[in-house]
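Note sheet for the following structure.
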Amino acid sequence: MGLQISALEDAILEALEKNSQISVNVNNGNDNANQSKTAREKTAQKLAEAIDTFVRSGLVTTTVATTGSASAQTGTGTGYIS
């Protein structure tokens, strides 16, 4: 199973859309700066969460090898990134 690119795209669009709807009082410069900063911080947080989820969606294959004993074994395994 490959990485879920469409899920990442959806999460990015959701983060951008949600935070682009924050209203700002343009008559108050401090409010404008604070709201803009808050929107950027929330967007960055949502993007980081989306990327984390995206990376964890990847299925990896590993090689396993043990040595030095009569019961030494080799093989492969699969698992999700955690």
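Across all C-alpha atoms in the stretch 5-80, the radius of gyration and Dmax reach 22.6, 78 Å. In this structure, the amide hydrogen of GLY58, modeled 1.01 Å from its nitrogen in the peptide plane, lies closer than 5 angstrom to those of ILE81, counting only residues at least 5 positions away or on a different chain.
Subtracting the Cα-Cα distance of ALA7 and THR38 from 0.36 nm times their residue separation leaves 8.7 nm of extension gain.
Since every read-out is calculated from the coordinates, none of them should be taken as a lab result. These numbers were taken from a predicted model, which means no experiment stands behind them.
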